Amino acid sequence: MSSQARVDSFVALRQFRASLTTFASVAAVALDEASSDIQRTLLWLREDRHRYWKEQVQIRSQQYTQAKLALKQREVLERAVAGTHSSCVEERRALKIAEKRLRRAEDVFRLVRTYANQIDKESLDYKGTIHGLVNAIEVEIPNACANLDRMVDSLEKYVAIAPPEAPGTPSEGIEGSVVQPVDMRQTQENTTPDQDEDENTSAPGGTSE
């Protein structure tokens, strides 16, 4: 196993850290918006709609009572004047409309309370479901980014350390010890005078004769 570390680039680590940061930011915004929508809906149901339809039930209950009283008064008046029982078509129609509007208000008021309780329960379940994601966004991802920062910093320091000078490569020694080619003509020229001189010195001396 090699004892050396090979570090090619820090781009992948930096890109991964940036992706984690982007994911955490986008997820946090989405969770905040969802929580805001839930709270806004609950507030709208419990405050605005609850108050409105409660008032409507009271108002329409009074209108129904008034319409019912108007029918009774008309019946008594017709009986007193004509001595007969009147159909009181208009009063009966007004009473029917008032009763219908009252029942409608009571139904909606009941649904408002039901929906508010249901959304409140679903909100608690939702908070339990996203607990792991919230913990990842608030704790795990920041810790991971910090670890990546330390990792990149350590690797940069490691790469910045200058490696020791390596000894001469075998190729350098080989090049120094290679036998250079010899010029044969120059060698022959250098050796020819010596041969002539040897021949002159080895011949029988003519001068002595």
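Among the listed residues Arg60, Arg46, Arg79, identify the single one that is at pLDDT below 95, surrounded by 15 or more Cβ atoms within 10 Å (Cβ to Cβ), in a helix (DSSP H, G or I) and charged (D, E, K, R). None of the other options fit; the residue is Arg46.
Among the residues examined, Gln118 qualifies as closer than 30 Å to Val134 by Cβ and either not in a helix (DSSP H, G or I) or not hydrophobic (A, V, I, L, M, F, W, C) (or both). Scanning region 1-43 for residues that are more than 20 Å from Ala136 (Cβ to Cβ), modelled with pLDDT under 90 and part of a helix (DSSP H, G or I) yields Val11, Ala12, Arg14.
Can you name the residue in region 145-162 that is in contact (Cβ under 8 Å) with a residue 12 or more places away in the chain and among the charged types (D, E, K, R) and, of all such residues, is farthest from Ala18 (Cα to Cα)?
Filtering first and then ranking leaves Glu156.
Can you confirm whether Gly176 is part of a helix (DSSP H, G or I), surrounded by fewer than 10 Cβ atoms within 10 Å (Cβ to Cβ) and modelled with pLDDT of 90 or more? Spelling it out, it is not the case that Gly176 is part of a helix (DSSP H, G or I), surrounded by fewer than 10 Cβ atoms within 10 Å (Cβ to Cβ) and modelled with pLDDT of 90 or more.
Selection within region 139-154: residues that are surrounded by 12 or more Cβ atoms within 10 Å (Cβ to Cβ) and of a type in the set (Asp, Glu). The member of this set that is nearest to Leu42 (Cα to Cα) is Glu140. State yes or no: is Glu106 surrounded by 15 or more Cβ atoms within 10 Å (Cβ to Cβ), out of contact with any strand residue (DSSP E or B) (no Cβ under 9 Å at 6 or more places or on another chain) and either at pLDDT below 90 or over 30 Å from Glu138 (Cβ atoms) (or both)? The answer is yes for Glu106. Against the test of being farther than 24 Å from Ser36 by Cα and in a helix (DSSP H, G or I), the options Leu133, Leu111, Leu124, Leu69 yield a single qualifying residue, Leu69.
The values are calculated or read from the model by the stated rules, or taken from the named source; none is laboratory data. Please read these numbers as outputs of a predicted model, since none were measured by experiment. In this analysis, Cβ positions are derived from the backbone assuming ideal geometry, glycine residues included, and neighbour counts consider all displayed protein chains.
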